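K.L.:
After the C-alpha cells below, expect a handful of questions from me.
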Amino acid sequence: MNVGFAETCRALTGWKQAEETAWLKEVSSTVLQQSLRHLDQAFGRFFAGRTKYPKRKRKGRSRDTAVYVRTGFRWAEDPERPGTGLIILAKQSEPLDVRWSRALPPGVLPVRLSVTRDRAGRYFVSALVEERIPPLPAAFVPGSREPKAVGVDVGLASLVTLDDGTKIGHPRLLRR
C-alpha cells in the first residue's frame with residue numbers, strides 16, 4: 001500500500017481529534033502539512049534510489065524547524081525601512097520581534113519562512129523570496145552583429161577551459 005502526502009494529510013485530521021495527540025491542535029496546520037510534505041519527499045527520494053532510508057530527528061541533536069508557506073504567515077512591510085517589516089505567524093496574535101540582519105530586496109514578498117530554534121534556545125527566521133532577475137544584455141563579437149558565446153569546461157587540470165583554448169588555473173586556496 002502506498003501512503004503518500006494526501007493519505008497522511010487525511011490522517012492528520014484524525015490525529016488532531018484523538019485525545020493522546022490533541023496537542024497537534026495548538027500547532028498551525030500549514031506547519032504540520034509542510035512537515036508531512038518533507039516526509040513524503042524524503043521517502044520519494046529513498047524509493048527512487050537516490051538516498052538512504054530517512055532517519056528520525058533525534059531530540060536535542062538537531063535544530064527544531066517550522067516551515068511556514070505563504071498561507072501560514074502575514075507580512076507587513078515597514079514603510080520607513082523597505083525590505084523589513086512585521087511577521088505574524090499562523091495561530092499568533094502578536095507580530096514577531098525581529099532584529100533584521102539584512103533587508104529583503106525592495107518590493108519583494110517572502111514566499112516561505114523557516115523558523116529555527118537552536119540548542120541554546122535562540123530563534124532564527126529565514127525568508128525565501130522569489131526575485132525576478134533581468135537577463136544580461138547580449139554580447140557581440142567586436143565589429144559584427146554575431147552573438148558572442150563561450151563554452152566552458154570545468155576540469156581537474158585547470159579550473160576552466162574556454163572554447164577558444166584559454167585556460168584558467170585553480171586558485172589553490174588550500175595549498176600550504
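K.L.:
Which whole-number percent is the relative contact order of the chain (Cα, under 8 Å, 6+ apart)? Could you put the intermediate results ahead of the total?
P.N.:
Working: 196 pairs, mean separation 21.6, N = 176.
That works out to 12 percent.
K.L.:
Residue by residue through segment 126-133, what is 3J(HN,Hα) from phi via Karplus (6.51 cos²θ - 1.76 cosθ + 1.60, θ = phi - 60°)? Round to whole Hz and write x for glycine and proline.
P.N.:
Using θ = phi - 60°, the values come out as 10, 10, 9, 10, 9, 10, 8, 10 Hz.
K.L.:
With only alpha-carbon pairs counted, each pair once and no self-pairs, how large is the Kirkwood hydrodynamic radius of segment 64-129 in angstroms?
P.N.:
12.3 Å
K.L.:
Per-residue counts of other Cβ atoms within 10 Å, averaged by peptide: what ranking do you get for 135-146, 30-41, highest first? Working shown, then result.
P.N.:
Details: 135-146: 7.8, 30-41: 16.5.
Highest mean packing first, the order is 30-41, 135-146.
K.L.:
Lys and Arg at +1, Asp and Glu at -1: add these up for the other residues within a Cβ distance under 14 Å of ALA66 and post the number.
P.N.:
With Lys, Arg at +1 and Asp, Glu at -1, the neighbours total +3.
K.L.:
Among ILE168, ILE133, which comes first, then next, by fewest other beta-carbon atoms within 10 Å?
P.N.:
Lowest count first: ILE133, ILE168.
K.L.:
Work out Dmax and Rg for segment 1-89 from the C-alpha atoms and quote the Rg first, both in angstrom.
P.N.:
16.8, 55
K.L.:
Something else about it: What is the distance in Å between the Cα centres of segment 1-69 and segment 103-173?
P.N.:
One Cα centre to the other: 32 Å.
K.L.:
Next question. Given H placed on each backbone N at 1.01 Å, which residues far from ARG112 in sequence or on other chains put an amide H within less than 5 Å of it?
P.N.:
It is LEU128, by chain and number.
K.L.:
Same structure again: Please identify every one of the GluC sites (Glu not before Pro) in segment 1-93 that sits in a loop by DSSP and has no more than 14 other beta carbons within 10 Å of its own beta carbon.
P.N.:
Filter output for segment 1-93: GLU19, GLU20, GLU80.
K.L.:
Taking the Cα atoms only, what angle lies between the long axis of helix 29-47 and the longest principal axis of the chain, rounded to 10 degrees?
P.N.:
Around 60 degrees separate the two axes.
K.L.:
Projected onto the charge dipole of the chain (+1 at Lys/Arg Cβ, -1 at Asp/Glu Cβ, origin at the Cα centre), which of GLY72, VAL129, VAL3 gives the Cα projection farthest towards the positive end?
P.N.:
VAL3
K.L.:
Calculate the spin-label point distance for TRP75 paired with GLU130, positioning each point 7 Å from the Cα along the beta-carbon direction, and give it in nanometres.
P.N.:
Here the modelled spin labels are 1.1 nm apart.
K.L.:
Now for a separate question. Quick one: angle between helix 5-17 and the longest Cα principal axis of the chain, in degrees between 0 and 90, rounded to 10, please.
P.N.:
Compared with the principal axis, the helix lies near 30 degrees.
K.L.:
If each residue of separation counts as 0.36 nm, what is the full-extension length gain between ARG102 and ARG63 once their alpha-carbon separation is subtracted?
P.N.:
Length difference between fully extended and current span is 11.8 nm.
K.L.:
Of the listed values (1) 75, 51, 42; (2) 43, 40, 26; (3) 38, 36, 34, identify the label whose number matches Cα extents along the principal axes in Å calculated from this model.
P.N.:
Entry (1).
K.L.:
Give me the distance in nm between label points sitting 7 Å out from Cα along the Cα-to-Cβ direction at ALA149 and ARG112, one decimal.
P.N.:
3.3 nm
K.L.:
With θ set to phi - 60°, apply the Karplus curve 6.51 cos²θ - 1.76 cosθ + 1.60 along segment 111-125 and write out the HN-Hα couplings as whole Hz, x wherever there is a Gly or Pro.
P.N.:
9, 8, 10, 10, 9, 10, 10, 8, 5, 7, x, 8, 10, 10, 10
Every number here is computed from the coordinates shown, using simple stated rules; none is lab data. Computed from a prediction, not measured in an experiment: that's the story for all the values here. Every residue, glycine among them, receives a Cβ derived from its backbone with ideal geometry; neighbour counts consider all protein chains shown.
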